[in-house]
Amino acid sequence: MAKSEGRGAPGGTGMLLLALLERRDMYGYEMVEALRAQSKEIFHLKAGTLYPLLHTLEAQGWVTSSDGTVNGRTRRTYSITREGREALAGQRAEWYAYADAVRGVLEGGDCCGA
């Protein structure tokens, strides 16, 4: 992992959306509900946040979308691509390394011969 130099945590909401899509294809509202439920009510995305993120992921080639009918309604369903899976793997590795570094500081890991 690259040194942080004061920047925030790696990954972010885009990484979480890719993780959801890694499990199965979903439409927007499903992603909002899955993210809310799986995060134990911590993450609450609104459409104004979700769809720009999905458009960015699509522009990066990490997800594709297709229109279809779900329960009699037209829905745009999103799928992760091979490139998206590769990007997610890299983001996961960065996230876990970052989380380990934070844990080391919070738990007072060995430093400087102390």
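The values are calculated or read from the model by the stated rules, or taken from the named source; none is laboratory data. This is a predicted model, so every value here is computed, not measured. Cβ: placed from backbone, ideal geometry, glycine included. Neighbour counts: every protein chain shown.
Could you check how many residues of the stretch 30-52 are part of a helix (DSSP H, G or I) and out of contact with any strand residue (DSSP E or B) (no Cβ under 8 Å at 6 or more places or on another chain)?
In the first step, residues of the stretch 30-52 are kept if they are part of a helix (DSSP H, G or I); the result is 30-38, 47-52.
Filter again for out of contact with any strand residue (DSSP E or B) (no Cβ under 8 Å at 6 or more places or on another chain), leaving 30, 32-33, 35-38, 47-52.
Total satisfying the criteria: 13.
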> Which pairs do you get when a residue that is closer than 15 Å to residue 17 by Cα and surrounded by 12 or more Cβ atoms within 10 Å (Cβ to Cβ), found in the stretch 64-81, comes within reach of a residue that is at pLDDT below 95 and among the hydrophobic types (A, V, I, L, M, F, W, C), reach meaning Cβ atoms under 8 angstrom, with the pair 6+ apart or on two chains?
Replying inline: 77/70
>> I'd like the full set of residues that are acidic (Asp, Glu) and modelled with pLDDT of 95 or more, limited to the stretch 1-24.
In response: 22
> Of all residues in the stretch 82-100, which are surrounded by 14 or more Cβ atoms within 10 Å (Cβ to Cβ) and among the hydrophobic types (A, V, I, L, M, F, W, C)?
Replying inline: 87, 88, 95
>> Cβ-Cβ distance below 6 Å, separation of 6 or more or different chains: which pairs start in the stretch 87-105 with a residue that is touching a residue at least 60 places away in the same chain (Cβ under 8 Å) and within 19 Å of residue 56 (Cβ to Cβ) and end on one that is in a helix (DSSP H, G or I) and among the hydrophobic types (A, V, I, L, M, F, W, C)?
In response: 88/18; 91/15
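Return the total of residues in the stretch 53-78 being of a type in the set (S, T, N, Q) and assigned to a loop (DSSP other than H, G, I, E, B). Even if it seems obvious, please write down each step before you answer.
Restricting attention to the stretch 53-78, the residues satisfying the condition of being of a type in the set (S, T, N, Q) are 56, 60, 64-66, 69, 71, 74, 77.
From what's left, assigned to a loop (DSSP other than H, G, I, E, B): 60, 71.
Summing the residues that are of a type in the set (S, T, N, Q) and assigned to a loop (DSSP other than H, G, I, E, B) in the stretch 53-78 gives 2.
Can you tell me which residue is modelled with the lowest pLDDT among those in the stretch 59-114 that are β-branched (Val, Ile, Thr) and closer than 24 Å to residue 27 by Cα?
70
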> Would a scan of the stretch 6-29 turn up a residue that is on the phi < 0 side of the Ramachandran plot, of a type in the set (Asp, Glu), free of Cβ contacts under 8 Å to residues at least 24 places away in the same chain and not in a loop (DSSP other than H, G, I, E, B)?
Replying inline: no
